[in-house]
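What follows is a short report on a single structure.
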Amino acid sequence: QVQLVESGGGLVQAGGSLRLSCAASGQAFSRYAMGWFRQALGKEREFVAQISNLGRSTVYADSVKGRFTISRDNAKNTVYLQMNSLKPEDTAVYYCAARYNSGSERPREYNYWGRGTQVTVSS
């Protein structure tokens, strides 16, 4: 079992920045690829970014490429999402998720999920 808790969400103006954190507890964190997803009101959950279990590779959705950066610190059992140049369309609940071994862009392929943190970007 892996428990995930997100933090760092909030209200920010367009063009601003936020840094999300996801703290993991339970089984060996370094065995899991980690992903960030988001779900806006009335929309399906969508992929944002993923990072391999040792942090050597990352993948981003086109909509956030160049603005968001995913990273992890396996010594602290934490994954981060640095979000810069935020836009109103980035408004959503952001979730982190863990998938054993390798990452994926498909939400249903992840084994564990946090409860999410709200990010609201005002225009």
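Every number in this text was worked out from the coordinates using simple rules, so none of it is lab data. The structure displayed is predicted, hence computed values, not measured ones. Glycine gets a Cβ as well: all are built from the backbone with ideal geometry, and neighbour counts include every protein chain shown.
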Considering only residues that are part of a strand (DSSP E or B) and over 18 Å from Leu54 (Cβ atoms), which ones fall in the range 87-111? Ala92, Val93, Tyr94, Tyr95
Please go through the range 1-20 and pick out each residue that is part of a strand (DSSP E or B), within 19 Å of Ser71 (Cα to Cα) and in contact with a Ser or Thr (Cβ under 9 Å, 6 or more places away or on another chain). Val2, Gln3, Leu4, Val5, Glu6, Ser7, Leu20
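Results for (1) on the phi > 0 side of the Ramachandran plot; (2) more than 11 Å from the chain's Cα centre (by Cα); (3) outside any strand (DSSP E or B); (4) surrounded by fewer than 18 Cβ atoms within 10 Å (Cβ to Cβ), shown as yes or no for each residue.
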site: Cys22; (1), (2), (3), (4): no, no, no, no
site: Ser25; (1), (2), (3), (4): no, yes, no, yes
site: Met34; (1), (2), (3), (4): no, no, no, no
site: Ala49; (1), (2), (3), (4): no, no, no, no
site: Asn53; (1), (2), (3), (4): no, yes, yes, no
site: Asp62; (1), (2), (3), (4): no, yes, yes, yes
site: Lys65; (1), (2), (3), (4): no, yes, yes, yes
site: Ser85; (1), (2), (3), (4): yes, yes, yes, yes
site: Val121; (1), (2), (3), (4): no, yes, no, no
Any idea how many residues of the range 60-82 are over 18 Å from Ser104 (Cβ atoms) and not acidic (Asp, Glu)? 11
